[in-house]
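This structure is in structure tokens; I'll ask about it shortly.
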Amino acid sequence: MSATDLFQDQIPLLKPWTGEEEVRAAAEVILSGWVSQGPKVAEFETAVAGYVGARYGVATNACTTALHLTLHLSGVGPGDDVVMPSHTCMATANAVHHAGGQPVFADIDPRTYNLDPQSAAAAITPRTKAILVVHQIGLAADMQPFVALAARHGLALIEDGACSLGATSRGKRVGGIAAPTCFSFHPRKMITTGEGGMITTNDAALADKARILRATGASISDLERHKAKGLLVQKYGEVGYNYRLTDIQAAIGIVQMKKLDAMVQQRTAQARRYDAALAGIDEVEPPYVPPYATHAYSSYLIRLRPGACMDRDTLLRRMAERGISCRSGIQPLHQEPFYEARYAGVHFPASEDAARTTMFLPIFPGLTEEQQDRVIAELRSALGR
Ligand SMILES: Cc1ncc(COP(=O)(O)O)c(C=O)c1O
């Protein structure tokens with residue numbers, strides 16, 4: 001079965017917006033003789049950092065590894081706790097463990113699905129080293145309370161912007177708001193390089209060290225050595241990693257960055273159409289956008305209102321039977337097998353309610369109005385309307 005066959009007869013949840021331009025860009029790199037991390041990675045870093053309004057971009061092979069480096073370079077190590085939302089991808093918490101720390105979960109604001117500052121404040125103890133704020137599913141969080149909280153307790157602040165490239169909070173783009181920010185370029189995110197990640201930061205020392213650590217800990221990159229015609233010799237001062245993005249991936253990313261604004265516009269227009277249609281369906285609540293933020297709509301998350309005629313899983317099943325690919329909302333990490341013993345008896349009501357009642361509808365650049373009308377019609381029919 002070819003990859004395109006996978007999408008026949010059903011409306012997928014997502015589909016990356018890639019085409020001939022990405023093919024040509026990747027092919028050029030393959031034919032150039034330099035396929036690993038090199039000039040295209042540097043160009044991609046400049047494009048992303050420039051877009052978000054940060055001084056530096058450091059590309060990595062995933063957001064997980066970008067987070068690991070950022071946490072490590074922010075001082076998180078064994079014995080340190082990191083306060084973060086339970087309502088996020090396991091990868092956010094995995095990165096804390098990779099750095100040697102322990103995630104300490106807090107609840108979300110039920111309307112925005114982003115970390116609740118009061119819940120985060122209540123989770124701070126003398127062991128806390130950092131606060132990790134996630135800009136969830138394309139909606140930028142308000143960083144002001146977290147900047148104040150981190151300053152008050154002398155903590156590092158880190159942002160996980162995996163899903164939210166292109167979103168803004170108080171007029172600033174995620175990645176250029178307050179703290180070092182990590183992005184993902186997995187196909188479910190705003191732009192894709194297949195797999196990939198990046199740190200954006202204004203901190204020159206953090207950027208320099210991240211560049212060294214992502215590439216085996218070598219003091220000099222392959223590109224610098226190449227440019228110096230082999231006269232430079234690298235030194236190793238620390239244990240490093242292989243977290244490198246390739247130039248093939250970066251070339252795709254450069255093309256994707258040129259399309260980013262158009263992608264945000266398309267997603268926003270689709271969200272407006274869903275919002276309007278859902279206004280006529282009492283059981284369903286559309287996503288909320290607070291006045292300080294813009295949503296990039298990497299996902300369109302709806303919530304079944306209390307008293308709806310069926311539960312979320314029944315609705316999901318019915319949509320699947322109708323050929324519409326939806327997904328349940330984010331499952332809270334404190335209820336995952338890895339954490340449940342540690343969090344036995346602990347409840348984060350907003351995260352748990354979101355896990356029970358929310359689901360994603362298809363949204364992606366290239367989703368046609370006809371397809372979207374079918375999603376809406378099938379949603380009505382699945383709800384028995
Ligand atoms: C909020 C969040 N952070 C981090 C990640 C990890 O990204 P990656 O798969 O690029 O490591 C994801 C991936 O789904 C995510 O949703």
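The values are calculated or read from the model by the stated rules, or taken from the named source; none is laboratory data. Just so you know, these numbers come straight off a predicted model, no measurement behind them. Neighbour counts run over all protein chains shown; Cβ positions are idealised from the backbone, glycine included. Keep in mind that these areas ignore ligands, DNA and RNA; they rest on the heavy atoms of the full protein, side chains included. Shrake-Rupley method; radii C 1.70, N 1.55, O 1.52, S 1.80 Å.
Could you list, in sequence order, all residues of region 1-27 that are modelled with pLDDT of 70 or more and either part of a loop (DSSP other than H, G, I, E, B) or under 21 Å from PRO362 (Cβ atoms) (or both)?
Matches in region 1-27: ASP9, GLN10, ILE11, PRO12, LEU13, LEU14, LYS15, PRO16, TRP17, THR18, GLY19.
OK, next. Let me spell it out: the conditions are (1) surrounded by 18 or more Cβ atoms within 10 Å (Cβ to Cβ); (2) within 20 Å of the chain's Cα centre (by Cα), and LEU155 meets all of them except one. Which number is the exception?
So LEU155 meets the others, but not (2).
So, one more: Among the residues of region 115-151, count how many are more than 25 Å from PRO291 (Cβ to Cβ) and either more than 16 Å from the ligand (Cβ to nearest atom) or among the hydroxyl-bearing types (Ser, Thr, Tyr) (or both).
Qualifying residue count for the region: 8.
With (1) away from the ligand (no atom under 16 Å from the Cβ); (2) charged (D, E, K, R); (3) touching a residue at least 24 places away in the same chain (Cβ under 8 Å); (4) not in a loop (DSSP other than H, G, I, E, B) as the list, and GLU159 as the residue in question, which single condition is left unmet?
(1)
Condition first: under 14 Å from ARG380 (Cα atoms), among the small types (Gly, Ala, Ser) and in contact with a strand residue (DSSP E or B) (Cβ under 9 Å, 6 or more places away or on another chain). Now tell me which residues in region 277-316 satisfy that.
Passing the criteria: only ALA308.
Which fully enclosed helices (runs of 4 or more DSSP H) of region 186-291 have 3 or more residues being closer than 29 Å to GLY75 by Cα?
It comes to 204-214, 222-227.
Could you look through region 196-244, keep only residues that are acidic (Asp, Glu) and either open to solvent by 80 Å² or more (accessible area, probe 1.4 Å) or not assigned by TED's automatic domain parsing to the domain that holds GLU159 (or both), and pick out the one that is farthest from the ligand (Cβ to nearest atom)?
GLU224
Would you be able to tell me the number of residues in region 336-355 that are touching a residue at least 40 places away in the same chain (Cβ under 8 Å), touching a Ser or Thr at 6+ places or on another chain (Cβ under 9 Å) and assigned to a helix (DSSP H, G or I)?
The number of residues fulfilling the criteria is 4.
A follow-up question, please. Looking at (1) under 22 Å from the mean Cα position of the chain (by Cα); (2) under 29 Å from VAL346 (Cβ atoms); (3) surrounded by fewer than 24 Cβ atoms within 10 Å (Cβ to Cβ); (4) touching a residue at least 40 places away in the same chain (Cβ under 8 Å), which one does LYS15 not meet, given that it meets all the others?
Answer for LYS15: the failing condition is (2).
Go through region 308-339 and give me each residue that's out of contact with any Leu (no Cβ under 7 Å at 6 or more places or on another chain) and closer than 30 Å to VAL96 by Cα.
Those that are out of contact with any Leu (no Cβ under 7 Å at 6 or more places or on another chain) and closer than 30 Å to VAL96 by Cα: ILE330, GLN331, PRO332, LEU333, HIS334, GLN335, GLU336, PRO337, PHE338.
Name the one entry in PRO349, PRO290 that is open to solvent by 30 Å² or more (accessible area, probe 1.4 Å) and within 22 Å of PRO117 (Cβ to Cβ).
Going through PRO349, PRO290 in turn, just one is open to solvent by 30 Å² or more (accessible area, probe 1.4 Å) and within 22 Å of PRO117 (Cβ to Cβ): PRO349.
Taking VAL233, is it farther than 16 Å from ALA95 by Cβ, among the β-branched types (Val, Ile, Thr) and out of contact with any strand residue (DSSP E or B) (no Cβ under 9 Å at 6 or more places or on another chain)?
Against the criterion (farther than 16 Å from ALA95 by Cβ, among the β-branched types (Val, Ile, Thr) and out of contact with any strand residue (DSSP E or B) (no Cβ under 9 Å at 6 or more places or on another chain)), VAL233 qualifies.
Continuing with this model, one more query. Of everything in region 245-269, what is of a type outside the set (A, V, I, L, M, F, W, C) and surrounded by 22 or more Cβ atoms within 10 Å (Cβ to Cβ)? Give them in sequence order.
THR246, ASP247, GLN249, GLY253, GLN256, ARG267
Consider region 299-321. How many of its residues are within 22 Å of PRO365 (Cα to Cα) and either over 27 Å from the mean Cα position of the chain (by Cα) or open to solvent by 10 Å² or more (accessible area, probe 1.4 Å) (or both)?
Of the residues in region 299-321, 2 are within 22 Å of PRO365 (Cα to Cα) and either over 27 Å from the mean Cα position of the chain (by Cα) or open to solvent by 10 Å² or more (accessible area, probe 1.4 Å) (or both).
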